[in-house]
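Asks: A single structure is presented below for examination.
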């Protein structure tokens with residue numbers, strides 16, 4: 001039997017450089033389908049397109065309009081095919097009232113992570129997290145929250161209670177940082193494509209600034225630096241510059257072997273109220 | 001009399017959504033024209049295209065091949081025109097032996113920075129720098145370095161001596177951080193378009209890891225958060241994950257009023273030897 005996540009990101013060829021996908025209602029958050037998940041669907045189509053370069057080294061999504069559950073088409077244009085890397089642009093669109101609407105525009109450079117060198121000089125340090133059993137599992141959120149964020153059932157996210165104040169109905173920490181342990185609901189191993197989803201799954205850091213709600217992403221860029229070792233991942237979201245109605249949100253993903261496997265940054269709009 | 005920088009980034013209309021530019025030999029670094037400067041030229045064309053949305057909120061460049069000094073063409077395709085923001089994709093190309101070659105592919109979302117709100121809750125802190133007169137001016141580099149990096153004459157970059165070891169022929173600090181004071185050579189005020197250049201002008205942080213040389217950029221994303229106040233800017237480059245032949249390089253730009261005006265991140269390849 002296959003994994004739920006593989007069905008959710010599945011693409012099928014629909015013409016030269018074209019792929020069809022079916023965006024899952026289970027990945028809805030607030031007013032649309034989760035931006036990281038949609039970027040993984042596009043990333044999966046690019047992977048299908050590029051023989052020999054299966055892994056996103058860097059992928060950038062610019063969000064044009066809110067994606068809805070249901071059929072979508074991905075068109076891919078190869079910009080450069082090199083020995084070590086390939087660069088493409090891609091667009092995910094949907095049909096609304098008989099008319100095609102672009103949802104997300106993407107640039108990405110792919111390669112083969114099994115071929116990168118082993119010289120690792122990471123100075124960043126992994127998040128210090130309490131044991132999983134002392135954390136707050138987001139899928140235990142109250143029904144009114146889950147009605148708005150059905151994607152909480154797609155994964156096990158165990159939040160560090162020190163920065164999960166707002167999420168459990170308590171006081172926000174006042175610091176724009178949220179961190180926790182992560183795996184997909186059915187333990188599906190996290191590969192480079194799934195990492196692109198993982199970086200966008202923690203609650204917006206603005207929760208901990210006392211501004212709960214959905215924060216629409218303008219742009220999300222993800223660097224995948226290694227294929228994670230098996231086991232739970234550690235995720236940390238942080239922002240240092242909430243200003244002018246925008247904030248940047250950086251995510252780091254660490255694997256069970258202590259390797260920094262992904263780094264992302266997004267520019268998001270200040271949150272809109274829930275519900 | 002006009003500023004040198006304005007001539008360097010000038011674009012002229014060359015058809016619907018098309019602009020012509022002349023990339024300056026004075027902005028060469030190592031094997032190509034500086035990536036931040038090229039991104040500003042593209043950014044300037046996008047600014048010309050988008051009435052009412054003059055400022056890049058976020059701009060991403062994917063580098064396809066090394067740009068050379070001389071004529072270039074920018075093609076712009078509008079993806080979304082909204083009330084507050086517009087999103088485009090753009091490509092800069094050059095003619096090589098009679099054939100068009102794509103150099104840089106871009107996605108960008110523009111708006112009007114004079115219209116963003118004044119709610120500023122920045123928790124990042126500006127670089128602590130010694131006074132300008134105690135810093136190392138990069139334009140005083142030896143002739144063999146400047147022959148390889150002629151762009152050093154385009155600006156005044158005053159490096160913090162604590163992290164300028166390799167640059168002055170001393171020992172590297174061992175920490176992937178370089179910072180300094182910055183202005184353009186002829187004191188041309190730094191606007192949002194020029195900020196896109198500024199984030200790519202410090203020496204690669206790998207200098208301070210004992211790996212001098214030019215570090216080719218795969219991808220550079222810049223968030224412009226405010227128009228700088230007049231005066232010298234403070235710049236800081238930092239990397240936390242040198243691994244597998246790649247490193248991320250984050251730049252922050254602070255203005256004289258203490259505001260974090262730009263944040264960028266690039267994914268770069270480990271340096272190639274100078275010369």
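Every number here is computed from the coordinates shown, using simple stated rules; none is lab data. All of these numbers come straight from a predicted model, not from anything done at the bench. For neighbour counting, all protein chains shown are included, and Cβ atoms are generated from backbone atoms with ideal geometry for every residue, glycine included.
Asks: Summarise the partner chain shielding of A:118-126 as one whole number: the mean count of Cβ atoms from other chains within 10 Å of each residue's Cβ.
Replies: Values: counts 3, 5, 4, 10, 6, 10, 4, 1, 0.
The per-residue average across the peptide is 5.
Asks: Going by how many other beta carbons lie within 10 Å of each one, how would you line up B:197, B:217, B:85, fewest first?
Replies: B:85, B:217, B:197
Asks: Something else about it: What is region A:196-255 by shape, rounded, prolate or oblate, if you read a ≥ b ≥ c off the alpha carbon gyration tensor as root eigenvalues and call it rounded for a/c under 1.5, prolate for a/b larger than b/c, and oblate otherwise? Before the final figure, lay out the partial values.
Replies: On the way: a/c = 2.51, a/b = 1.89, b/c = 1.33.
Judged from the Cα gyration tensor, region A:196-255 comes out prolate (a/c at least 1.5, a/b above b/c).
Asks: For region B:139-212, just run the numbers: alpha carbon Rg, then divide by 2.2 N^0.38 Å, N being how many residues it has. Display every interim value, and only then the final one.
Replies: Numbers: Rg = 12.6 Å, N = 74, 2.2 N^0.38 = 11.3 Å.
In units of the globular-protein estimate, region B:139-212 measures up at 1.12.
Asks: Further question: Within a 10 angstrom radius of the beta carbon, how do B:261, A:205 rank from fewest other beta carbons to most?
Replies: Details: B:261 24, A:205 29.
Exposure proxy ranking, most exposed first: B:261, A:205.
Asks: Give the relative contact order (percent, whole number) for region B:118-275; include only Cα pairs under 8 Å separated by 6+ residues. Please list the in-between numbers first.
Replies: Details: 339 pairs, mean separation 34.6, N = 158.
Reported as a whole number, the value is 22 percent.
Asks: Then there's this: Calculate how large, on average over all directions, the projected area of the Cα convex hull of the protein assembly as shown is; give the answer in nm² to one decimal. Provide the component values of the computation, followed by the final result.
Replies: On the way: hull surface 101.2 nm².
Its average projected convex-hull area is 25.3 nm².
Asks: Do you know the relative contact order of chain A, to the nearest whole percent, from alpha carbon pairs under 8 angstrom that are 6+ apart?
Replies: Values: 652 pairs, mean separation 48.1, N = 275.
Rounded, it is 17 percent for chain A.
Asks: Right, next: Quick check on region A:1-157: take the gyration tensor over C-alpha atoms, sort the square-rooted eigenvalues as a ≥ b ≥ c, and tell me if it's rounded (a/c under 1.5), prolate or oblate.
Replies: Values: a/c = 2.14, a/b = 1.10, b/c = 1.94.
Cα axes put region A:1-157 in the oblate bin.
Asks: Quick one: among A:141, A:226, A:108, which has the greatest mean-square fluctuation in a GNM of chain A with alpha-carbon springs under 10 angstrom?
Replies: A:141
Asks: Sort B:128, B:4 by Cβ crowding within 10 Å, fewest neighbours at the top. Walk me through the numbers on the way to the answer.
Replies: On the way: B:128 10, B:4 15.
Least to most surrounded, the residues fall as B:128, B:4.
Asks: Would you mind giving the mean number of other chain beta-carbons within 10 Å of the Cβ of each residue in A:76-84, as a whole number? Provide the component values of the computation, followed by the final result.
Replies: Numbers: counts 0, 1, 0, 6, 7, 0, 2, 0, 2.
For this peptide, the per-residue mean of nearby foreign Cβ atoms is 2.
Asks: Oh, and also: May I ask for the equivalent-ellipsoid semi-axes of region A:224-275, computed as the square root of five times each C-alpha gyration tensor eigenvalue and listed largest first in whole Å?
Replies: Details: eigenvalues 155, 29, 12 Å².
With the √(5λ) rule applied to region A:224-275, the semi-axes are 28, 12, 8 Å.
Asks: Write down the Å³ per residue value for the convex hull defined by the alpha carbon atoms of region B:42-133. Let's see the in-between values first.
Replies: Numbers: hull volume 16.4 nm³, N = 92.
About 178 Å³ per residue, rounded to a whole number.
Asks: If you don't mind, there's one more thing I want to ask. Would you give the gap between the C-alpha center of region A:67-102 and the C-alpha center of region A:216-275, rounded to a whole Å?
Replies: A separation of 23 Å, based on Cα centres.
Asks: State whether region B:123-257 is rounded, prolate or oblate according to the following rule on the C-alpha gyration tensor (a ≥ b ≥ c being the square roots of its eigenvalues): a/c under 1.5 gives rounded; otherwise a/b larger than b/c gives prolate, and the remaining case gives oblate.
Replies: Numbers: a/c = 1.43, a/b = 1.18, b/c = 1.21.
Since a/c stays below 1.5, the shape of region B:123-257 is classed as rounded.
Asks: May I pose another question? Return the single residue from A:35, A:210, A:117 with maximal mean-square fluctuation; model: Gaussian network over chain A, springs between Cα atoms under 10 Å.
Replies: A:117
Asks: At a Förster radius of 22 Å, what calculated FRET efficiency corresponds to the Cβ-Cβ distance of residue A:147 and residue A:3, to the nearest 0.05?
Replies: After rounding to 0.05, the efficiency reads 0.30.
Asks: Let me ask you something else. Before rounding to the nearest 500, sum -39500 (n - 2.57) across all DSSP H runs of length at least 4 in the protein assembly as shown and divide by the residue total; then give [θ] at 222 nm in deg cm²/dmol.
Replies: Numbers: 8 runs with 66 residues, N = 550.
Result for the protein assembly as shown, helices only: -3500 deg cm²/dmol.
Asks: Return the average number of partner chain Cβ atoms within 10 angstrom of each residue Cβ along peptide A:260-268.
Replies: Across the residues of A:260-268, the mean count of other-chain Cβ atoms within 10 Å is 4.
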